[in-house]
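Heads up, the thing below is written out as structure tokens.
FYI, it's all coordinate maths here, none of it is from the lab. Only a predicted model underlies this, so the values are computations on that prediction, with no experimental measurement involved. Glycine also receives a Cβ, built like all others from the backbone with ideal geometry; neighbour counts cover every protein chain displayed.
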Amino acid sequence: MISARPSVTDLVFRLYGRSLHPELFQRYAVRYVERGNFKAEIAITGSGHTVAWNSGSLTLVEVATSDQQPLPKKRRLLSHPIQGERTDSLECANGVCYETSFQLERVRPDVFWTFQQELSADGISQGLFHRFASGGRLGVGAISWVNVETRTSSLLIQAFHTFPQEFAIVKSQSIFQLP
């Protein structure tokens, strides 16, 4: 199975107000959470992650993926290329709030390798973690780590995705908040 990442320049961050079929994504690690009045399914995918959050009749799906990934346009609430830094928020039905911030950071090779090592050490012991097979000349695969924190009325997702071929790191943080 090929697990090389797409180019970091092709990445987009999207939010849908509907469910998406899990078959649309190659999933490498999955975690399910249920707390209070919500439940969520968090997955590491080949190009980033998905978070499917549900409370009552409201479904929100966050996707960090390649722009080349065929996804529906119906009920797409947010769509931004992952470039530089970006913050966005949305108030949904029944007073549910969604907030996100993400950034693409290109770093020097020594900084990248130090970050990759630290992420490996921390990720294996906590959170959702996946190390991808090497995709080329560097001989070291990309890493994805997703930290999940729940409260009675909120879900906090912190995600880090590395792209060794481009010495790039995608960082994101999202909050799904009940009123």
Provide the net charge surrounding Ser79, with neighbours chosen by a C-beta distance below 12 Å and charges set as Lys +1, Arg +1, Asp -1, Glu -1. +2
Could you put Lys171, Lys74 in order, starting from the residue whose Cβ has the fewest other Cβ atoms within 10 Å? Lys74, Lys171
For the range 1-134, what does the relative contact order come out to in percent, with C-alpha contacts under 8 Å and a separation of six or more? 26 percent
Residue among Phe129, Ser144, Ser79 farthest towards the positive dipole end of the chain, charges placed on Cβ: Ser79
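Counting other beta carbons within 10 Å of each residue's own, what order do Tyr98, Tyr32 fall into, fewest first?
So the residues, fewest neighbours to most, are Tyr32, Tyr98.
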Counting Lys and Arg as +1 and Asp and Glu as -1 over every other residue whose Cβ sits under 14 Å from the Cβ of Ala52, the net charge comes to +2
Net dipole in debye of the chain [+1 Lys, Arg Cβ; -1 Asp, Glu Cβ; about Cα centre; nearest 20]: 400 debye
Using a basic spin-label model with each label point 7 Å from the Cα along Cα→Cβ, how many nm lie between Asp67 and Val33? 3.1 nm
Dipole check, the chain, charges on Cβ (K,R +1; D,E -1), about Cα centroid: among Leu156, Leu20, Val33 the Cα furthest to the positive pole belongs to Leu20
Check: the range 88-179 dipole with +1 on Lys, Arg Cβ and -1 on Asp, Glu Cβ, in debye: 280 debye
Quickly estimate the mean residue ellipticity at 222 nm for the chain, helices only: each DSSP H run with n ≥ 4 gives -39500 (n - 2.57), and the total goes over all residues, rounded to 500. -3000 deg cm²/dmol
Footprinting exposure proxy for Glu41, Glu149 (fewest neighbouring C-beta atoms within 10 Å first): Glu149, Glu41
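Summing +1 for each Lys or Arg and -1 for each Asp or Glu, what net charge is found among the other residues whose Cβ lies under 9 Å from the Cβ of Phe176?
So the surrounding residues net to -2.
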